[in-house]
Number of protein chains: 2
Amino acid sequence: MIKENVKDRIISAASELFYFDGYNQTGINKIIEKAEVSKDSMYRHFRSKEAIAVVYLEQRHKAWITDMTNYLSVKPAGQERVIAIFDYLNHWLSQVDYRGCGFQNIITDIPKNQNSIKEVVRKCKDDMLRFILDELNKTSSESMDTKEISNEIMVLIEGAIMLSQIQKANWPLVAAKKACERLLK
Amino acid sequence: MIKENVKDRIISAASELFYFDGYNQTGINKIIEKAEVSKDSMYRHFRSKEAIAVVYLEQRHKAWITDMTNYLSVKPAGQERVIAIFDYLNHWLSQVDYRGCGFQNIITDIPKNQNSIKEVVRKCKDDMLRFILDELNKTSSESMDTKEISNEIMVLIEGAIMLSQIQKANWPLVAAKKACERLLK
DNA sequence: TTTAAAACGTACAGACTTGTCTGTTTTCTG
DNA sequence: CAGAAAACAGACAAGTCTGTACGTTTTAAA
């Protein structure tokens, strides 16, 4: 079997370690060991550890949005699809032992100067908010303030992910879905 | 002015650094420098860095609950008080540049074996959920499932805190309050 | 005043951190 | 086949990390 190229192996290894062990718990030596590349190669592909994290987040976001969109594609467009986001979260998070969101987990504890990471996280969250707003605008009545409701649903999503990680249980996801349903009535 | 005792100075310094800089960005040397104590003294009071974090979280929770309870005491007991939690969050978080919740920030990225920290975080969150439930039970009609609604409000709280830190803005807090008001109708 | 307790200053230990560098090897391309 | 590119192995640098230890000083208590 053809070995993945060096750059992809680095991102793949880093993604796994950053997400499951934590960004700060993951050193460069752990990454190169798991990726089976040399340190010099790694630094020829990425300027710094922060640069690796930025690519990790960007790729993670793309993959996540794609996975979620695929999951939701069997649902009718609009409000039902938005409600089903919580089913998707439940499906995904139960598979990773409620380890939570890679973006939330990284932004809470990084060196002050690693602003690229903050920018990427913010951008990806904006993207998700836009997704919700677009879906709501497909089926909502003119009288509904979809902008406002999108913000509320976004807060539910972020909270459900964080709280399910803290409690290592799915009840926050279930509660969030119910709240979402009632907010959309 | 009488200098605070050693133990309190350690916790005070550690609390500031853990919260604003991050648990992983804070080394033992930073703590003892800020606290103006020797390393040996520090280790005579606390078995480990993790032990310091546990005390930090416990004391932070007590202070936070007290501060919040004082803030809310001008509100009538029950639902209005629960809704006003979001005003309190806004008041507090705008003062700390939306740095978020010390508990969320620490639980996302710690060494796997530091279970004491996870236990304390979980316990404090359970405490907060109980506070919400108790308040709701003061004024809610018998037909309201206060247990369910408490869970939903708890999710809103956690989400608003996390999202306002990501975005460095208060709109998630405002949105969460509105969602809370509508859920309580 | 004396003794004990508490605290200090700092060296030390061993491990880990990010990042750089150099000679060598392997792979790719013309 | 030869040369360039890519990758490698691993030493090195300088710093930081948590935690221990020891002789000394300061403070508290009897």
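Somewhere in region A:31-49, is a residue under 26 Å from A:N113 (Cβ atoms), within 14 Å of DNA strand C (Cβ to nearest atom) and within 14 Å of chain B (Cβ to nearest Cβ)? Among the residues of region A:31-49, at least one is under 26 Å from A:N113 (Cβ atoms), within 14 Å of DNA strand C (Cβ to nearest atom) and within 14 Å of chain B (Cβ to nearest Cβ), which makes the answer yes. Filtered by the rule that a residue be more than 7 Å from chain A (Cβ to nearest Cβ) and over 17 Å from the mean Cα position of the chain (by Cα), region B:149-169 gives B:I149, B:S150, B:K168, B:A169.
Among the residues here, B:I132 qualifies as more than 10 Å from chain A (Cβ to nearest Cβ) and either touching a residue at least 12 places away in the same chain (Cβ under 8 Å) or in contact with a Ser or Thr (Cβ under 7 Å, 6 or more places away or on another chain) (or both).
Residue by residue, here is whether (1) within 16 Å of DNA strand D (Cβ to nearest atom); (2) farther than 29 Å from A:R99 by Cα; (3) out of contact with any Pro (no Cβ under 9 Å at 6 or more places or on another chain) holds:
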| site | (1), (2), (3) |
| --- | --- |
| B:F18 | yes, no, yes |
| B:S41 | yes, yes, yes |
| B:S48 | yes, no, yes |
| B:V55 | yes, no, yes |
| B:D87 | no, yes, yes |
| B:L93 | no, no, yes |
| B:R99 | no, no, yes |
| B:E119 | no, no, yes |
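On the stretch given as region A:79-113, residues that are over 17 Å from A:F18 (Cβ atoms), aromatic (F, W, Y) and at the interface with chain B (Cβ under 10 Å from one of its Cβ atoms) total 0.
Filter region A:1-30 down to the residues that are touching a residue at least 12 places away in the same chain (Cβ under 8 Å) and outside any helix (DSSP H, G or I), then identify the one that is farthest from DNA strand C (Cβ to nearest atom). Write out each step before concluding.
Of region A:1-30, the ones touching a residue at least 12 places away in the same chain (Cβ under 8 Å) are A:6-7, A:9-20, A:22-24, A:26, A:28, A:30.
Next, only the ones that are outside any helix (DSSP H, G or I) stay: A:22-24, A:26.
Working: A:G22: 10, A:Y23: 8, A:N24: 8, A:T26: 7 Å.
Out of the qualifying residues, it is A:G22.
Filtered by the rule that a residue be closer than 26 Å to B:I106 by Cα, out of contact with any Asp or Glu (no Cβ under 9 Å at 6 or more places or on another chain), open to solvent by 40 Å² or more (accessible area, probe 1.4 Å) and of a type in the set (S, T, N, Q), region A:1-34 gives a lone residue, A:N29.
Scanning region B:134-149 for residues that are more than 12 Å from B:G78 (Cα to Cα) and not charged (D, E, K, R) gives B:S143, B:M144, B:I149.
Kindly provide the set of residues from region B:137-185 that are among the aliphatic types (A, V, I, L, M) and over 21 Å from B:H61 (Cα atoms), ordered by number. Before the answer, list the steps.
Narrowing region B:137-185 to residues among the aliphatic types (A, V, I, L, M): B:144, B:149, B:153-157, B:160-163, B:166, B:169, B:173-176, B:179, B:183-184.
Listed by number, the residues that qualify are B:M144, B:I149, B:I166, B:A169, B:V174, B:A175, B:A176, B:A179, B:L183, B:L184.
Of all the residues in region A:171-183, those that are more than 19 Å from the chain's Cα centre (by Cα) and open to solvent by less than 10 Å² (accessible area, probe 1.4 Å) number 4. Condition test on B:V37, is it open to solvent by less than 40 Å² (accessible area, probe 1.4 Å) and β-branched (V, I, T)? Yes; evaluated as a whole, the condition is true for this residue.
The values are calculated or read from the model by the stated rules, or taken from the named source; none is laboratory data. Note that this is a predicted model, so its numbers are computed, not measured. With ideal geometry, Cβ positions are generated from the backbone for all residues, glycine too; neighbour counts draw on all protein chains shown. Only protein heavy atoms, including side chains, enter the accessible area calculation; ligands, DNA and RNA are left aside. Shrake-Rupley method; radii C 1.70, N 1.55, O 1.52, S 1.80 Å.
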